[in-house]
Amino acid sequence: MHTTLTWLADVPPQTLPARSLMAFTLASHIVLVPLGVALPLITLIMHGYGLRRGDPTALLLARRWSAVMAVQFAIGVVTGTVLSFEFGLLWPGMMGRWGDVFGIGFGVEAWAFFLEAVLIAVYLYGWRRLPSRTHFLLGLPLPFAALLGAFGILAANSWMNTPRGFSLDSAGNPVDVNIRKAIFTPMFGPEYWHFVFAMFVTAGYVTAGVYAMGWLRGRRDRYHRLGFTIPFTLAAVCTPVQFVLGDSIARQVFHKQPVKFAATEIVWKTDTHVPEYLYGRLHPDGTISGGIRIPQLDSILAGFRPDTQVTGLTSVPAGDRPTPTQATIVHWTFDTMVGIGSLLVLLALWYALVRLRRRGLPRSPWFYRCAAVAGVASVVAVECGWITTEVGRQPWIVYQNMRVAEAVTSTRSAALWTMFGLVVVVYVVVFASFLLVLLKMRARWRLADEKDEGEPPGRTPEADTPYGPRSTGSRL
């Protein structure tokens, strides 16, 4: 505790409210990102399945998911734009000095948002106005636009973790910027693919969880079976891949950011035969209380050998590493993320074994209970992943080049706390409105399903659009 208080005394008073505001808006935005990145792909898979099989139920699901995708995108643009402004408002020291180096990532993200907005508009209204094949083909670029947005923001974040592509002049300012090297840093590949598959996994489980709840409540028609099967299958296929990618990025952190790795594993002193702690708390004197200690496992996981040397936190001065409290937070979030990932792998294996043996969906209510929880658990894992990435880099905002305290705004801390309170109120209203819209859409769809026993003769499943004019008997 004494070390933490000393650290707080050494930073400007604006740092805590600025970091709190940034953390809140990022944590709020990240809840929407999985659907923003992966729902277009899930929708297109369902749409293609419906066209190929001539399945009106699949087309109905795709049509409804496209409406959810549009509403979610609108909310996501708002929360993402707030984050972009906060970089300049809260961290002018970083943007002023380093914006020319890594700012291209934010530019790519902005263009991706614009492109995705256009494509969503075309896709949404194309249900009524375009031939089915043309409509589907025009929707195919949507997943790539979503991935392009992720490319931009992950390029910026990976640069902050492993800054490259510049030289420093005598005043310490970046010169001779190489954009390609600034984008494709050593952490970019592992971080990008780990993030993308996390989005596929999370969106798949979240979407499937809605229909798993329907199954548990007795709604076991084709609509709910298909709505569950396609997103859950995508998530189940991606889950073991994501687990391998997670191991890969941990090894990259071990080599490229050894102090962050030390914080993640609460390793105090550089040593070999380092034990692994499942949870546990690091104290300022280097001792660890609580948790489960597994001898030598950390060294084995890091280098496949018990004599692998793991760098400790004390390898750098106290001002250049996370505090014991920050290290404990990172360690807990990392362990939680890995724990959830391990459980999701078991759930995916359960699903795969049942499909291979019975050629059908599982029947156990416990499976669907687990599937319903998997979506929430995946979102928690995503939140934990970002906390691990950002807090583990402390006290650096640009790793080993600029500290958070150097980048923070000079605005009075009282004004920042006021802004924080206003943002919380606005976000509560925004997310409450988002939830209300989704519930209204669900109620309208359920009412339409009860009244409409089938499509009118001669009308194709693509005759209506989620917004705009509808013919009588529309099921949207």
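Restricting the search to region 366-395, which residues are open to solvent by 20 Å² or more (accessible area, probe 1.4 Å), among the aromatic types (Phe, Trp, Tyr) and in contact (Cβ under 8 Å) with a residue 24 or more places away in the chain? Break it down stepwise before answering.
Quick first cut of region 366-395, residues open to solvent by 20 Å² or more (accessible area, probe 1.4 Å) only: 366, 369-370, 372-373, 376-377, 379-380, 383, 386-387, 389-391.
Next, only the ones that are among the aromatic types (Phe, Trp, Tyr) stay: 366, 386.
Residue satisfying the conditions is Trp386 alone.
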Among (1) under 24 Å from Gly385 (Cβ atoms); (2) at pLDDT 85 or above, which single condition is Thr272 missing?
(1)
I'd like the full set of residues that are within 15 Å of Val376 (Cβ to Cβ), in contact with a Gly (Cβ under 9 Å, 6 or more places away or on another chain) and not hydroxyl-bearing (Ser, Thr, Tyr), limited to region 179-226.
Ala198, Val201, Ala203, Gly204, Val206, Ala208, Gly209, Val210, Ala212
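Look at Ile249 and say whether it is on the phi < 0 side of the Ramachandran plot and either open to solvent by 20 Å² or more (accessible area, probe 1.4 Å) or β-branched (Val, Ile, Thr) (or both). Give the derivation first.
On the way: on the phi < 0 side of the Ramachandran plot: yes; either open to solvent by 20 Å² or more (accessible area, probe 1.4 Å) or β-branched (Val, Ile, Thr) (or both): yes.
Yes; evaluated as a whole, the condition is true for this residue.
Out of curiosity, is Thr239 crowded, with 17+ Cβ neighbours inside 10 Å and either at pLDDT below 85 or in a helix (DSSP H, G or I) (or both)?
Numbers: crowded, with 17+ Cβ neighbours inside 10 Å: yes; either at pLDDT below 85 or in a helix (DSSP H, G or I) (or both): yes.
It is true that Thr239 is crowded, with 17+ Cβ neighbours inside 10 Å and either at pLDDT below 85 or in a helix (DSSP H, G or I) (or both).
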Just give me the residues in region 322-351 being more than 16 Å from Ala377 (Cβ to Cβ) and open to solvent by less than 40 Å² (accessible area, probe 1.4 Å), in sequence order.
Pro322, Thr323, Pro324, Gln326, Ala327, Thr328, Val330, His331
Looking only at region 292-305, decide whether some residue is in contact (Cβ under 8 Å) with a residue 24 or more places away in the chain, surrounded by 14 or more Cβ atoms within 10 Å (Cβ to Cβ) and more than 28 Å from Phe197 (Cβ to Cβ).
no
Which of the residues belonging to region 158-178 are within 22 Å of Ala110 (Cα to Cα) and modelled with pLDDT of 85 or more?
Ser158, Trp159, Met160, Asn161, Pro163, Asn178
Residue within region 277-300 that is of a type in the set (Ser, Thr, Tyr) and on the phi > 0 side of the Ramachandran plot present
yes
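Which one is modelled with the highest pLDDT, of the residues in region 45-58 that are of a type in the set (A, V, I, L, M) and open to solvent by 10 Å² or more (accessible area, probe 1.4 Å)?
Just the residues of region 45-58 that are of a type in the set (A, V, I, L, M), to begin with: 45-46, 51, 58.
Then keep just the ones that are open to solvent by 10 Å² or more (accessible area, probe 1.4 Å); that gives 45, 51.
Values: Ile45: 92, Leu51: 87.
Per the stated criteria, the residue is Ile45.
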Which condition breaks for Asp221 when tested against (1) touching a residue at least 60 places away in the same chain (Cβ under 8 Å); (2) open to solvent by 30 Å² or more (accessible area, probe 1.4 Å)?
(1)
Just one listed residue, out of Gly360, Gly319, is in a helix (DSSP H, G or I), surrounded by fewer than 19 Cβ atoms within 10 Å (Cβ to Cβ), on the phi < 0 side of the Ramachandran plot and modelled with pLDDT under 90, and it is Gly319
Can you tell which of Phe188, Phe151, Phe144, Phe197 is closer than 22 Å to His29 by Cβ and open to solvent by less than 20 Å² (accessible area, probe 1.4 Å)?
Phe188
Only residues that are open to solvent by 40 Å² or more (accessible area, probe 1.4 Å) and acidic (Asp, Glu): list them for region 273-291, please.
Asp285
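The values are calculated or read from the model by the stated rules, or taken from the named source; none is laboratory data. Just so it is clear, the model here is predicted, and its values are computed rather than measured. Please note: Cβ atoms are built from the backbone with ideal geometry, for glycine as well, and neighbour counts cover all protein chains shown. The area values use the complete protein model at the heavy-atom level, side chains included, leaving out ligands, DNA and RNA. Shrake-Rupley method; radii C 1.70, N 1.55, O 1.52, S 1.80 Å.
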